[in-house]
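Structure first, then comments.
The values are calculated or read from the model by the stated rules, or taken from the named source; none is laboratory data. Small disclaimer: the values here were computed from a predicted structure and weren't measured. Here the Cβ is made from the backbone with ideal geometry for all residues, glycine too, and neighbour counts use every protein chain on show. To get the accessible areas, we keep the full protein, side chains included, count just its heavy atoms, and leave off ligands, DNA and RNA. Shrake-Rupley method; radii C 1.70, N 1.55, O 1.52, S 1.80 Å.
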Amino acid sequence: MDRVSNAQAATMPVEFKLNGRTVVGRADETIIETARSHGVEIPHLCYKPGLRPDGNCRACVVEIKGERVLAPSCCRYPQDGMEVTTDSARAVASQKMVLELLLADMPEARHTNESELDQWARKLDVGLPRFPARHQPRADLSHPAIAVNLDACIQCTRCVRACREEQVNDVIGYAFRGEHAKIVFDLDDPMGDSTCVACGECVQACPTGALMPARGVGLAAADRKVDSVCPYCGVGCLLTYHVKDNRIVQVQGRDGPSNHGRLCVKGRYGFDYVSHRHRLTTPLVRKSGVPKTKDFVVDPDHWRDAFREATWDEALDLAGKGLREIRDRHGKKALAGFGSAKGSNEEAYLFQKLVRAGFGSNNVDHCTRLCHASSVAALMEGINSGAVSNQVSDVRNAEVVLVIGANPTVNHPVAATWIKNAAKRGVKLIVADPRRTELARHATHVLQFNADTDVAMLNALMYTIVEEGLVDEAFIRDRTSGYEALRENVKKYSPEAMAPICGIPAPTLRTVARLYATSKASMILWGMGISQHVHGTDNARCLIALAMMTGQIGRPGTGLHPLRGQNNVQGASDSGLIPMVFPDYQRVDNPEARKRFETYWGVALDPKPGLTVVEIMNAAQKGEIRGMYVMGENPAMSDPDVDHARAAMAALDHLVVQDLFLTETAYLADVILPATAWPEKDGTVSNTDRMVQLGRKAIEPPGDAREDLWIINEIARRIGLDWHYAHPREVFNEMRGCMDSIAGITWERLERDSSVTYPCEKEGDPGTPVIFTTHFPTATGRGKFVPADIIPAAERPDRDYPVVLITGRQLEHWHTGAMTRRAGVLDAIEPEPVASIHPLDLAALKAKPGDVITVESRRGSISLYARADEGTPAGAVFIPFCYYEAAANLLTNPVLDPFGKIPEFKYCAVRVTKGGAMPQRLSFGGGQAPLPAPAAA
Amino acid sequence: MNDRAGAATPARKPKVRATLKGRQPQPQARAEVRQLLGDAPRRRDLLIEFLHRIQDRYGALADHHLVALAAEMGLAMTEVYEVATFYHHFDVVKDGAAAPPTVTVRVCDSLSCELAGAKALLEKLPKLLGKDVRVLHAPCIGRCEQAPAATVHQHPVPNATVEKIQALVKARDLSHPAARDRATFAPESFIEPLDTPGPGSTVSPAYVGYDTYRKAGGYRLIAECLAGARDAEALMQKMEHSGLRGLGGAGFPTGRKWRIVRAEAQPKVAALNIDEGEPGTFKDRVYLERDPHRFIEGMLIAAWVVQAGACYIYLRDEYHGCRAILERELARLKADPPCALPVIELRRGAGAYICGEESAMIESIEGKRGRPRLRPPYVAQVGLFGYPTLEHNFETVYWVRDILEKGPEWFAGFGRNGRKGLRSFSVSGRVKKPGMHLAPAGITVRELIDEYCGGMLDGHRFYAYLPGGASGGILPATMADIPLDFDTLNKHGCFIGSAAVVILSDKDRASDAARNLLAFFKEESCGQCTPCRVGTAKALALMQQPKWDAPLLKELSQAMMDASICGLGQAAPNPILSVTKHFGHEIS
């Protein structure tokens, strides 16, 4: 304790003797670490860098002069003058005996080729064990991703520490005692029946193969290992692909700044979608005479119903000609493009450049519109920057963390681990959400407030802070403007008056307000629960005001972090895939900015902001937009009221879709261009933490699928742009010339470091993890308070539709499911469409968990299976939008927040009834995706 | 892009996940658990207490209750499960599986009881008692002078016979008989050999209650301390001069321990170890059953000297009578305190020898598995709840008042063969008068047998002895003249530990004793470190061979002694080495 409490002493050099040699270590560095850096190897099994050393296996014992017994070098720190011997006969005898005892209990058939026990036994020349073997436990093969073979378990508890201390999923325990001591899941349940979320951290931690990827896929040696970055969420975990015969056979976490080796179930086991038989491998052209209609269900196995194969030349010519003709005949505003937050920065940049320079308008948008547009609108208005002020892992420096409208254990699983780690270390965690989610268990305060009452609750917090004099006067004076108006406005919102509205008792509101305001460092993280409302911008305004009035921004451990959803939604936005701004958020209606880009690109540019996602759909419906180029997005699944969106896209004269699969959107296309998956190309992505990270090509694309950058370039050439981009590096260098925030990042540095934090304006800058430390990037340097009043949701429950529908995502499935429902493990874990509903509500319907229920709104109706979930508030139903069999967005309300133009995905009125048609499964989903198997010999 | 139109998916039954992943708390179980917990704070350190409440009420820990308890406490299910399965006295049963019978008979089969016929009881009882009664073997229950000992649920059966057990089962007489509190008692009464209580069959001797204790001058000393009439420094010096050492077995000088903990920063706590589990040891029980307040006052004085703000008393679960006494007397003390009291909490073990190890006990008080901690840091620096902790064995603080009142010279004035002080020997085995004998430190085993134990049982010839319980090794009768004290036995590969002396006769074999002890260690190993977890199991397997592989056992023993985390694993090989050294004829 003294050691820890005295940080300085901990780093003091310590001189001690190691095997007779004088060495210099540190008071906070264990003997095994110092020994390693001096070239002295000590056997070890339970010790793994990154995990808390536990000292239980005793393979690393060493002799310390003057001590009665041997000491575990993984847990002992050197002291001045200490004499340590790692290779004395006495120490080696114990080291070898430990290995021999463990070897005696190993199964003959190993489950891994890289058993650390075998490796050490070989190094120390431990022969055949002389002891009888234990009675061996049976294998547990109940989980689709992980095989549990405890006959190879050495009880080192690395998996326990990985599960409990690192990921804090708290599934694995060490139960029973003595020789019966055993690794268990929950109550010694089969892993597949347990609360395991299959992050696989235990597998990565296991030294002997007792926990391994299922079906022996880990036994095949990889041909190559390729370092890259995860294609799923905005956390941006670095990883390593293990490739054999042009197939990814395994994924391991890599020590990146946002994940430090950790991954979640999608990142680790969701890689095989790239080799699913539904991959588009050749360009397709719509058969003449096949009409487009909004009413369809896509079965990718039946693609011939509507399409025929084409050569690349034919398809590209057709695609380009259609777009060109609409532009030339109906004007520049008749075209629009949707880029993708799943593509690279370089692709996003080129795509928006193609629309702006080639189509001639700013009608370019992407799914940021559906996730954080309102957050960004509020942030731009208040502090003129949409970027996060602090990185997620900065929660470790916080005293209070407020997570609101976010379910990070599901949607940002690795980010959630940092929050849980912080909570375990005593950081006070406040979780505010209408749904009680897994993170709540780690919280000191859980505010399960009534859906749609964010502003009421947040204003009540601000009321308390004002009333009790907890504001940061100096911060308000020096760094903000408009405080008086805010102060006057919140006077209407006392906690006592708001308690009945938001459902949180006034004393709790006051306690939380005090906690947040008075801590040394409070950090707010939020997600789509804040943004996807008609008052999403107001919600975010309140959070910004909360931070500014208490001075809780601009220092380590304190600030604002809207958790980004897609792996590259930050980068796609930075790169200008937004109708109002050029790259780096330079407004299109700012003449200076426009001039800069007109000069840089050598074309005239439209000074008017373009249309947003839902506006484009509306314009298409009205015939104002006649042609579209959609790259890697699936609005026919992801837009609100998809019936309407599908009708709009069906009405287009010409639709070009570039994707991996025959998505619902692709089904309405005239030309489909088979593109590459993330592991099939090079490129950079930017994560929620403002880190530009390099993805590397690991495998060749299937068939004649082509790299997206090449496809964009070819389309551009066919609509009159003379482009010759051959490699993402060239695009990235062009971007640096017009995006000051990344001007200092070189491709070479990315190749070396894999990850660079920005702003990084000059080459060699280390990057800036905490921003807004001295001022906000506004004209005056001040942040602006914007008061907000209560605006109810557009569609409140009534007698006909008495239940609130909340939509969102689930852990295993990514967005519309195009990728994850084609990944064997993910599809096996969550095969069927479900609606989460409180068990009492379910009982009131006279239905049992697992029964089919029908959920109906004014816009549509779906049937799916009921899942009992005590965390879902009474009177509400939660449905993930990834299931084509029961597409949640058939029900959602397409009304928009007036500022962010984001639809109200988090709230609409439905009615729920028992029964209905069983969801109709087509050729994917429902557990059909083949589970990864060992690569063919 | 596979052209597989028509590859119709076969008819299927959807694999619907109807609930969230894993077990979910059931409303009824949740209500039952809530009722049992009442308004107790849902603190993690109370987990074992809560598990006791469920076990006591329902006779088992069913899965649905564990799930509900986890939800109620905000713990992960596995955190509850790994604790519940660690302790012998919790019966974790799968939902749907049969609950254990309502009555459990535990027959102690540790060495002294095995010598006295525990095996025969274990063989006969199941058939005689029938299906409604579960018969389990138990590690030492601390009644070695009453061997063979058993318990019918919580009712101890000294000198157990099939008939006695049957009668209690039949009468469903399952509780520990209550004790009267009107006795007068002074520890000196044990000093005179002739006055020592014999084996007896009483399990509830009368004890000194709060009023009697105070009337006889009790709690005056602690009141003086708090009133400023005593000087902590002077008290520490007295303790140092008395030579009192830790009587749990490790023998750390008491005065020095106080000085070390006193020098640590506040907050500090005290932890009192009454997890008397070393086979052969029962001295703490003998004192506690008769004179609880002398212990409590000693604890309060020690806590005052080191400035500990809270005292946690950890009592082994087997001592149900002692628990009743302590609960009652602590309540009386708190109701009418002689002076300001620190926080005093009584915690109940759950059946785990390892929790007698000081850091394992701390883990257990924190509501966790009894898993010894690695040292450094020492518990005096980082102990219970991370605070500097004064940890003492029961008997150590039991002597504090007498030493301070009578002076250190009084205590140091006892002794024999050049040694100083008093030792409470728990003697069992083949002697006429087994029991707790308070004798001068340094007495030899021959003197102890002859002067205090009435000699060997008729028909038995002295063959060998264990000087310090299961861990202290085994010595032959030819070495019966070694003074018994701290440090005197080390050169023979043995130690006195908690002064539990077990006497073997020519009817016994040291190798059988060693096997019994290794079986005990194997069962009681916490399972944390390889040398102990795997080592005890492999050693026992080798010892079950007719001929021991002595060189391999020796090699294994050395690694266990050198590389185990705690005293259990380090001392477990002592019986093996003793047998190979002194009783080689038995195993070759």
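Only residues that are in contact (Cβ under 8 Å) with a residue 40 or more places away in the chain and surrounded by fewer than 24 Cβ atoms within 10 Å (Cβ to Cβ) were counted across the stretch A:825-840, and they come to 4.
For the condition over 26 Å from A:Arg809 (Cα atoms) and not acidic (Asp, Glu), A:Tyr629 qualifies.
Hey, any hits in the stretch A:278-292 for a residue that's in contact with a Gly (Cβ under 7 Å, 6 or more places away or on another chain) and open to solvent by 60 Å² or more (accessible area, probe 1.4 Å)? Let's see the steps before the verdict.
First, the residues of the stretch A:278-292 that are in contact with a Gly (Cβ under 7 Å, 6 or more places away or on another chain): A:281-282.
Now restrict to residues that are open to solvent by 60 Å² or more (accessible area, probe 1.4 Å): none.
Checking the stretch A:278-292: not a single residue is in contact with a Gly (Cβ under 7 Å, 6 or more places away or on another chain) and open to solvent by 60 Å² or more (accessible area, probe 1.4 Å).
Counting only strands (runs of 3 or more DSSP E) that fall entirely inside the stretch A:1-111 and contain at least 2 residues that are within 14 Å of chain B (Cβ to nearest Cβ) and open to solvent by less than 60 Å² (accessible area, probe 1.4 Å), the qualifying elements are A:61-64. Identify all residues within the stretch A:618-644 that are of a type in the set (A, V, I, L, M), within 20 Å of A:Glu325 (Cα to Cα) and not in a strand (DSSP E or B); write none if there are none. Of everything in the stretch A:618-644, those that are of a type in the set (A, V, I, L, M), within 20 Å of A:Glu325 (Cα to Cα) and not in a strand (DSSP E or B) turn out to be A:Ala619, A:Ala620, A:Ile625.
Looking at (1) within 13 Å of chain A (Cβ to nearest Cβ); (2) out of contact with any Pro (no Cβ under 9 Å at 6 or more places or on another chain); (3) part of a loop (DSSP other than H, G, I, E, B), can you tell me which one B:Val382 breaks? Condition not satisfied by B:Val382: (2). When A:Gly20 is tested against (1) farther than 25 Å from B:Pro372 by Cβ; (2) in contact with a strand residue (DSSP E or B) (Cβ under 7 Å, 6 or more places away or on another chain), only condition (2) is not met.
Name the residues in the stretch B:486-502 that are within 21 Å of the chain's Cα centre (by Cα) and not hydroxyl-bearing (Ser, Thr, Tyr), would you? Let's see the steps before the verdict.
We begin by selecting, within the stretch B:486-502, every residue within 21 Å of the chain's Cα centre (by Cα); these are B:486, B:494-502.
The answer is B:Phe486, B:Cys494, B:Phe495, B:Ile496, B:Gly497, B:Ala499, B:Ala500, B:Val501, B:Val502.
Among the residues in the stretch A:41-54, are any of a type in the set (D, E, K, R), closer than 22 Å to B:Lys538 by Cα and in contact (Cβ under 8 Å) with a residue 40 or more places away in the chain? No, every residue in the stretch A:41-54 fails to be of a type in the set (D, E, K, R), closer than 22 Å to B:Lys538 by Cα and in contact (Cβ under 8 Å) with a residue 40 or more places away in the chain.
I'd like to check something: does the stretch A:137-147 contain any residue that is facing chain B (nearest Cβ under 7 Å), open to solvent by less than 10 Å² (accessible area, probe 1.4 Å) and outside any strand (DSSP E or B)? Checking the stretch A:137-147: not a single residue is facing chain B (nearest Cβ under 7 Å), open to solvent by less than 10 Å² (accessible area, probe 1.4 Å) and outside any strand (DSSP E or B). Has the stretch A:877-885 got at least one residue that is part of a helix (DSSP H, G or I) and within 12 Å of another protein chain (Cβ to nearest Cβ)? Among the residues of the stretch A:877-885, at least one is part of a helix (DSSP H, G or I) and within 12 Å of another protein chain (Cβ to nearest Cβ), which makes the answer yes. Of all the criteria given as (1) open to solvent by 20 Å² or more (accessible area, probe 1.4 Å); (2) outside any loop (DSSP other than H, G, I, E, B), the one not satisfied by A:Leu864 is (1).
Select from the stretch B:127-167 the residues that are outside any loop (DSSP other than H, G, I, E, B), among the charged types (D, E, K, R) and buried (at least 21 other Cβ atoms within 10 Å of the Cβ) and list them in ascending order. Outline the logic, then answer.
Residues of the stretch B:127-167 that are outside any loop (DSSP other than H, G, I, E, B), as a first pass: B:127-129, B:133-138, B:144-146, B:150-152, B:155-157, B:162-167.
Filter once more, keeping what is among the charged types (D, E, K, R): B:127, B:134, B:145, B:163-164.
Answer for the stretch B:127-167, where residues must be outside any loop (DSSP other than H, G, I, E, B), among the charged types (D, E, K, R) and buried (at least 21 other Cβ atoms within 10 Å of the Cβ): just B:Glu145.
Restricting B:Leu542, B:Leu553, B:Leu577 to those that are part of a helix (DSSP H, G or I), facing chain A (nearest Cβ under 9 Å) and either hydroxyl-bearing (Ser, Thr, Tyr) or more than 24 Å from the chain's Cα centre (by Cα) (or both) reduces the list to B:Leu542. B:Phe486 meets each of the listed conditions (1) away from chain A (no Cβ under 14 Å); (2) touching a helix residue (DSSP H, G or I) at 6+ places or on another chain (Cβ under 9 Å) apart from (2). Would you confirm whether or not the stretch A:218-240 contains a residue that is touching an Asp or Glu at 6+ places or on another chain (Cβ under 8 Å), at pLDDT 95 or above and either under 22 Å from A:Arg706 (Cβ atoms) or within 14 Å of another protein chain (Cβ to nearest Cβ) (or both)? Checked against the condition, which is being touching an Asp or Glu at 6+ places or on another chain (Cβ under 8 Å), at pLDDT 95 or above and either under 22 Å from A:Arg706 (Cβ atoms) or within 14 Å of another protein chain (Cβ to nearest Cβ) (or both), the stretch A:218-240 yields no hits at all.
The set of residues in the stretch B:75-98 being assigned to a loop (DSSP other than H, G, I, E, B) and either modelled with pLDDT under 95 or under 20 Å from B:Ile354 (Cβ atoms) (or both) consists of B:Thr85, B:Phe86, B:Tyr87, B:His88, B:His89, B:Phe90, B:Asp91, B:Lys94, B:Asp95, B:Gly96, B:Ala97, B:Ala98. Residues that are in contact with a helix residue (DSSP H, G or I) (Cβ under 7 Å, 6 or more places away or on another chain), open to solvent by 60 Å² or more (accessible area, probe 1.4 Å) and farther than 29 Å from A:Pro434 by Cα within the stretch A:778-808 comprise just one, A:Arg782. Residues of the stretch A:427-444 being over 17 Å from A:Thr195 (Cβ atoms) and open to solvent by 50 Å² or more (accessible area, probe 1.4 Å), which ones? Within the stretch A:427-444, A:Lys428, A:Thr444 meet the criteria. For the stretch A:166-187, taking the residues that are facing chain B (nearest Cβ under 7 Å) and assigned to a loop (DSSP other than H, G, I, E, B), the one that is farthest from A:Arg268 (Cα to Cα) is identified as A:Arg177.
Would you call B:Gly321 more than 14 Å from every other protein chain (Cβ to nearest Cβ), surrounded by 20 or more Cβ atoms within 10 Å (Cβ to Cβ) and not polar (S, T, N, Q)? Criteria met by B:Gly321. Residue check: B:Leu66 meets all listed conditions (1) part of a helix (DSSP H, G or I); (2) open to solvent by 10 Å² or more (accessible area, probe 1.4 Å) but one, namely (2).
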